[in-house]
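Remarks on the structure that follows.
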Amino acid sequence: AWTAIAYANRVFQFPAGILITAMLVPLFPMFSKFVGDKDFTSLKKYFHDGLNSLFFLAFFLTTFILIFNQDIVTVLFQRGNFDVNATIMVSEALFFITLSLIPYMARDTITRIFYSFDDSKTPFIVAMCSVAIKIIMNAIFVRIYGIGGIMLSTTAVTIFNATLLGTLILRKKVFLDYKGFISPLIKMTITAILTAGICLGLNHFMIHYHPDTTWLFAFVKLAILFIIGSFAYFIIAVLLKLSIAKLVVQKLLAKIRH
């Protein structure tokens, strides 16, 4: 069971690492500069734009992994002694930890605001409290959800950590208006649901007309679904007038060019 959790965490850390490296790491020097200049207006703007960008990408990745977690694990690991039962165990753990991707982005962004104020003590204390809470939640959730309970408790603790840091403690340093996230998050949720419907429909069509269970077909199917799903997600977001979609595209194109 613990090995399954380790494998699931590796898969989870791949999209999380990409998002943090591409989007979040460059924000920290900007946060530090704005705090040093006491330019809290710019700090709030970059915080909102940066976190909305992370949310926008995280919503699609979360949706895709939740739907196709078993296919992903099959393609990545299922061969040799890694059999169907192992795939099911890892897929279950992956499903529950993927739920933490969005709050994970929020927590890490908020934590960097604290670092900008030269305060690493507060995030550390909250993290230690989170460890204690996770021990309790593990005992509760494992009895209900088995192996997935450990990962579900991780998700719950991540939400607790982000909420405590962002809404209660950070107010003493700077007030970040979270109302600006409501409309984009609603639109992202609608976009993700519609994209999920398109991906599921296309997946059903591909399986129905080509019921192949080989590794190669699973890999090709996932690649096609990811590409089409990405385009559908961005197109729907633009149709819903989600302004952050254009900003994310511009940032990604800039990264590719450099």
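The values are calculated or read from the model by the stated rules, or taken from the named source; none is laboratory data. The structure presented is a predicted model; accordingly, all values stated were derived computationally and were not measured. All Cβ positions, even for glycine, are placed from backbone atoms using ideal geometry, and neighbour counts span all protein chains on display. For the accessible areas, the whole protein counts, side chains as well, though only heavy atoms, and no ligand, DNA or RNA atoms are used. Shrake-Rupley method; radii C 1.70, N 1.55, O 1.52, S 1.80 Å.
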Measure off, as a whole percent, the carbon and sulfur share of the 1.4 Å-probe accessible area of region 202-254, all protein chains present.
-> 78 percent
About its Cα centre, how strong a charge dipole does region 101-160 have in debye, to the nearest 20, once Lys and Arg get +1 and Asp and Glu get -1 at the Cβ?
-> 180 debye
Taking 1 over the mean of 1/r across every pair of different Cα atoms in region 1-112, what Kirkwood radius in Å do you get?
-> 15.3 Å
Convex hull of region 113-182 built on C-alpha atoms - directionally averaged projected area, nm² = 5.6 nm²
Expressed per residue, the solvent accessible area of the chain in Å² (1.4 Å probe) is about 53 Å²
Carbon plus sulfur, as percent of the 1.4 Å-probe accessible area of region 13-84, comes to 63 percent
Taking every pair of alpha-carbon atoms in region 152-258, give the share separated by more than 24 Å as a whole percent.
-> 52 percent
Packing-wise, with mean Cβ within 10 Å as the measure, how do 157-170, 205-218, 76-89, 223-236 rank, highest first?
-> 157-170, 223-236, 76-89, 205-218
Cα-based equivalent ellipsoid, the chain: semi-axes from gyration tensor eigenvalues, Å | 33, 25, 15
Give me the log10 of I(q) over I(0) for region 62-102 at q = 0.18 Å⁻¹, as the Debye formula computes it from C-alpha points; what are the numbers?
-> -0.44
Once normalised by the length of region 175-250, the mean sequence separation of its alpha carbon contacts under 8 Å that are 6 or more apart gives a contact order in percent of 44 percent
Cross-link list LYS44/LYS246; LYS121/LYS241; LYS44/LYS251: which exceed 30 angstrom alpha carbon to alpha carbon?
-> LYS121/LYS241
Cα centre as origin, Lys/Arg/Asp/Glu Cβ charges: region 165-234 dipole, Debye = 520 debye
Among rounded, prolate and oblate, which fits region 1-57 when a ≥ b ≥ c are the square roots of the eigenvalues of its C-alpha gyration tensor, a/c under 1.5 means rounded, and a/b larger than b/c means prolate?
-> prolate
Take the alpha carbon gyration tensor of region 177-220, find the square roots of its eigenvalues, order them as a ≥ b ≥ c, and report rounded if a/c is under 1.5; if not, report prolate when a/b exceeds b/c, else oblate.
-> prolate
Compute, for LEU200, the solvent-accessible surface of its heavy atoms (probe 1.4 Å) with the complete set of protein chains present, and express it in square angstrom to the nearest 10.
-> 90 Å²
Give me the accessible area of ASP71, 1.4 Å probe, in Å² rounded to the nearest 10.
-> 40 Å²
Solvent-accessible ranking of ARG143, ARG10, largest area first, probe 1.4 Å | ARG143, ARG10
How high is the relative contact order of the chain, given as a whole-number percent (alpha carbon pairs under 8 Å, six or more residues apart)?
-> 25 percent
Karplus couplings for region 192-203 from phi (6.51 cos²θ - 1.76 cosθ + 1.60, θ = phi - 60°), rounded to Hz, Gly and Pro as x?
-> 5, 5, 5, 5, 4, x, 5, 5, 5, x, 5, 4
Cβ charges +1 (Lys, Arg) and -1 (Asp, Glu), total dipole of the chain, debye | 720 debye
